[in-house]
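Each remark here refers to the structure printed beneath this line.
The values are calculated or read from the model by the stated rules, or taken from the named source; none is laboratory data. Note that the structure is predicted; figures quoted are calculated from it, not measured. Every residue, glycine among them, receives a Cβ derived from its backbone with ideal geometry; neighbour counts consider all protein chains shown. Areas reflect the complete protein model, heavy atoms only, side chains present, ligands, DNA and RNA absent. Shrake-Rupley method; radii C 1.70, N 1.55, O 1.52, S 1.80 Å.
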Amino acid sequence: MFKYHFLILFWLLFSFTSHGQTLEEYFEELPRQFSPGGNGVNDTWGKYINDVEKVNFKIYSRWGTLISEGDNNTTWNGYTLSGDLCPQGVYIYIFNIVKNGETKIFKGTVEIIK
């Protein structure tokens, strides 16, 4: 199962512009789980999005605490801003993407499994 999610993420990272997906389709296929921990399998979560002017994402705990943030060149490694590994659970993501001068916001959840 973990290899499957890793392969989907790898495919998504390198196929966005070549398949002409809309941003909406892109986020529908975003993996919903990952397993950080340094074992080299499914350790990070996120999106590299090409052909956009700006990408910013934020990860929040279920209580609304900002856990992590990044841009179009980063993925979330499951660690907090202070460097602590997050416990297993569900986290909320918000992507702000600027494409052709228009800002789109995508929200959803991602689960850390161990």
Next item on the list: Scan THR109, THR75 and give me the residue that is touching a residue at least 40 places away in the same chain (Cβ under 8 Å) and under 13 Å from the mean Cα position of the chain (by Cα).
Entry: THR109
Checklist line | Of all residues in the stretch 62-94 being in contact with a Cys (Cβ under 8 Å, 6 or more places away or on another chain) and either β-branched (Val, Ile, Thr) or in a loop (DSSP other than H, G, I, E, B) (or both), the one that is surrounded by the fewest Cβ atoms within 10 Å (Cβ to Cβ) | finding: THR80
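Among the residues of the stretch 95-114, count how many are among the aliphatic types (A, V, I, L, M) and open to solvent by 50 Å² or more (accessible area, probe 1.4 Å). Before you say what the answer is, go through the steps one by one.
Quick first cut of the stretch 95-114, residues among the aliphatic types (A, V, I, L, M) only: 97-98, 105, 110, 112-113.
So of that shortlist, the ones also open to solvent by 50 Å² or more (accessible area, probe 1.4 Å) come out as 105.
Summing the residues that are among the aliphatic types (A, V, I, L, M) and open to solvent by 50 Å² or more (accessible area, probe 1.4 Å) in the stretch 95-114 gives 1.
A quick yes/no check of all residues on (1) modelled with pLDDT of 50 or more; (2) open to solvent by 40 Å² or more (accessible area, probe 1.4 Å); (3) in a loop (DSSP other than H, G, I, E, B):
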residue: PHE14; (1), (2), (3): no, yes, no
residue: HIS19; (1), (2), (3): no, yes, yes
residue: GLY40; (1), (2), (3): yes, yes, yes
residue: VAL52; (1), (2), (3): yes, no, yes
